[in-house]
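Peer 1: Got a structure for you, questions after.
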Amino acid sequence: MLTRQELVQAEKYLKLNESGEFVIDTDEDLEIIDFHTHMCNVLPIKHSNPKSKGNKLTFPTLPPIEKTDFSVPYWTKEELNINRKGIMPIFHYAQNAYAVLQDMKKGGTYDNCFKSQADNKIGINVVLPLSTKKCDCSPEALRIVADYPNRFIAFCSVHPDDPEMEEKIVKYKALGAKGFKLKISDIELKNDFKPLIRLFRTCHEAELPVILHTGSIPVDQERTSKLLWKFLRSTRVELFGRLLEEMPKDFVFIFGHSGVCEYKRVAEYLKRFPATYAEVSSQSQHSIKYLIDEVGYERLLFGSDWPALPQAITLSRVLMATAENKEARDHILSKNAKRLLNQA
Ligand SMILES: [Zn+2]
């Protein structure tokens, strides 16, 4: 069976650290802002303390080594004929989602974050809280920045059905939030997108960039149960992309994960809406290169989704995609983020 060591041997910008974790492999001086990260206290579950020590991350989001293929989005070998019918695949999916959240809750600590930043030459993590109707995690994200103002930038997150949505967004901006994050689906919105449009308008007025989780993994509808299909497609790119028609042309919208497997559709939206961006966590060197070729490098943002995923993997994909284009590299790693976050 293939080992992690054998896997990184073929990788130009990836190696293992002393603990066997993926870290980047380059001597170059890089300035990096990671535009997509979380912490243990900004998740839609009971918070744990980011000051906890000694907790290890295991990254259950990553495919097992034998199923890893870094050349495709989500880095998972395409399995033809995989059957996702019946109740078991739904059960496994839910079980994995639970394991991922628990791992983030346990390992999304300051200690682990600073170690990963040091191993991967990352200067700043943009912390994206994941709020639900019941739980607004924005104050926790702001607390992280208060603890370590040089290491983090906070976004806020408010559910569209929150009765104080508008006031809260204005308040969080005043308290230092530099943008807005939401993970939501058509299932949760019951296919009524009006509250989301209202929220977008509030962010536009407050001049906050908005990043949404967009996209899904590739699944074959024929071999997937109706329920799982509906669920996996519930954050698809077009759901949110089509809302841009209803927004002013200068609305700054960021496609989180560049739509995972739907990055080509994201490129189409970026062409149509000049104020939109794509954040590249979970993409491959080929899909990042595709985005650069299609839309240029001035609206692409490096993000990792740490601690759901290691910072080094997407980062090494960006380094590969920009090996011949240092200007593109600088823009994707920090210049575009600085412009968006008014840090230039
Ligand atoms: Zn995320």
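Peer 1: Against the conditions (1) within 16 Å of the ligand (Cβ to nearest atom); (2) among the hydroxyl-bearing types (Ser, Thr, Tyr); (3) touching a Cys at 6+ places or on another chain (Cβ under 7 Å), where does residue 37 fall short? Just the number, please.
Peer 2: (3)
Peer 1: What are the residues in the range 18-30 that are within 30 Å of residue 157 (Cα to Cα) and over 19 Å from the mean Cα position of the chain (by Cα), if any?
Peer 2: Passing the criteria: only 30.
Peer 1: Here is a follow-up. Considering 28, 11, 21, which residue is exposed (fewer than 15 other Cβ atoms within 10 Å of the Cβ), among the charged types (D, E, K, R) and on the phi < 0 side of the Ramachandran plot?
Peer 2: Numbers: 11 fails: exposed (fewer than 15 other Cβ atoms within 10 Å of the Cβ); 21 fails: exposed (fewer than 15 other Cβ atoms within 10 Å of the Cβ).
Being exposed (fewer than 15 other Cβ atoms within 10 Å of the Cβ), among the charged types (D, E, K, R) and on the phi < 0 side of the Ramachandran plot holds for just one of 28, 11, 21, which is 28.
Peer 1: Applying the selection to the range 1-15, what residues are touching a residue at least 60 places away in the same chain (Cβ under 8 Å), assigned to a loop (DSSP other than H, G, I, E, B) and under 26 Å from the mean Cα position of the chain (by Cα)?
Peer 2: Applying the first criterion (touching a residue at least 60 places away in the same chain (Cβ under 8 Å)) to the range 1-15 yields 1-4, 7, 11-14.
From the residues that got through so far, the ones that are assigned to a loop (DSSP other than H, G, I, E, B) too are 1-3, 11-13.
Matches in the range 1-15: 11, 12, 13.
Peer 1: Another question, then. So how many residues does the range 186-238 have that are assigned to a strand (DSSP E or B) and small (Gly, Ala, Ser)? Steps first, please.
Peer 2: We begin by selecting, within the range 186-238, every residue assigned to a strand (DSSP E or B); these are 210-213, 216, 224.
Now narrow it down to the ones that are small (Gly, Ala, Ser): 216.
Here the count works out to 1.
Peer 1: So, one more: Out of the residues in the range 249-263 that are within 14 Å of the ligand (Cβ to nearest atom) and part of a helix (DSSP H, G or I), which is farthest from residue 317 (Cα to Cα)? Quick ask: steps written out before the conclusion?
Peer 2: Initial filter on the range 249-263 (within 14 Å of the ligand (Cβ to nearest atom)): 254-260.
Subset that is part of a helix (DSSP H, G or I): 257-259.
Details: 257: 13, 258: 14, 259: 16 Å.
The selected residue is 259.
Peer 1: Can you confirm whether residue 184 is of a type in the set (A, V, I, L, M, F, W, C), within 16 Å of the ligand (Cβ to nearest atom), modelled with pLDDT of 95 or more and within 20 Å of residue 101 (Cβ to Cβ)? Steps first, answer last, please.
Peer 2: Numbers: of a type in the set (A, V, I, L, M, F, W, C): yes; within 16 Å of the ligand (Cβ to nearest atom): yes; modelled with pLDDT of 95 or more: yes; within 20 Å of residue 101 (Cβ to Cβ): yes.
The answer is yes for residue 184.
Peer 1: Just for the range 280-306: of the residues that are among the aromatic types (Phe, Trp, Tyr) and surrounded by fewer than 24 Cβ atoms within 10 Å (Cβ to Cβ), which one is nearest to residue 325 (Cα to Cα)? Lay out the reasoning, then the answer.
Peer 2: So in the range 280-306, the residues among the aromatic types (Phe, Trp, Tyr) come out as 290, 297, 302, 306.
With surrounded by fewer than 24 Cβ atoms within 10 Å (Cβ to Cβ) added as a condition, the list becomes 290, 297.
Details: 290: 14, 297: 10 Å.
Among residues in the range 280-306 that are among the aromatic types (Phe, Trp, Tyr) and surrounded by fewer than 24 Cβ atoms within 10 Å (Cβ to Cβ), the one nearest to residue 325 (Cα to Cα) is 297.
Peer 1: Test of understanding: among 317, 329, which residue is at pLDDT 95 or above, among the charged types (D, E, K, R), buried (at least 24 other Cβ atoms within 10 Å of the Cβ) and not in a loop (DSSP other than H, G, I, E, B)?
Peer 2: Values: 329 fails: buried (at least 24 other Cβ atoms within 10 Å of the Cβ).
Residue meeting the stated conditions: 317.
Peer 1: Here is a follow-up. Starting from residues that are more than 16 Å from the ligand (Cβ to nearest atom) and farther than 28 Å from residue 318 by Cβ, keep the ones in the range 111-134 and report whichever is surrounded by the most Cβ atoms within 10 Å (Cβ to Cβ).
Peer 2: Among residues in the range 111-134 that are more than 16 Å from the ligand (Cβ to nearest atom) and farther than 28 Å from residue 318 by Cβ, the one surrounded by the most Cβ atoms within 10 Å (Cβ to Cβ) is 133.
Peer 1: Got at least one residue in the range 127-139 being at pLDDT 95 or above, closer than 30 Å to residue 18 by Cβ and in a strand (DSSP E or B)?
Peer 2: Within the range 127-139, one or more residues are at pLDDT 95 or above, closer than 30 Å to residue 18 by Cβ and in a strand (DSSP E or B).
Peer 1: When residues of the range 264-299 are filtered for being within 16 Å of the ligand (Cβ to nearest atom), of a type outside the set (A, V, I, L, M) and closer than 15 Å to residue 74 by Cβ, how many remain?
Peer 2: 4
Peer 1: Tell me, please, whether a residue that is within 16 Å of the ligand (Cβ to nearest atom), in a helix (DSSP H, G or I) and either closer than 23 Å to residue 25 by Cα or touching a Ser or Thr at 6+ places or on another chain (Cβ under 6 Å) (or both) can be found in the range 89-99.
Peer 2: Checked the range 89-99: no residue is within 16 Å of the ligand (Cβ to nearest atom), in a helix (DSSP H, G or I) and either closer than 23 Å to residue 25 by Cα or touching a Ser or Thr at 6+ places or on another chain (Cβ under 6 Å) (or both).
The values are calculated or read from the model by the stated rules, or taken from the named source; none is laboratory data. Model, not experiment: these values are computed from the prediction. Because the Cβ atoms are built from the backbone with ideal geometry, glycine has one as well, and the counts that use them run over all protein chains shown.
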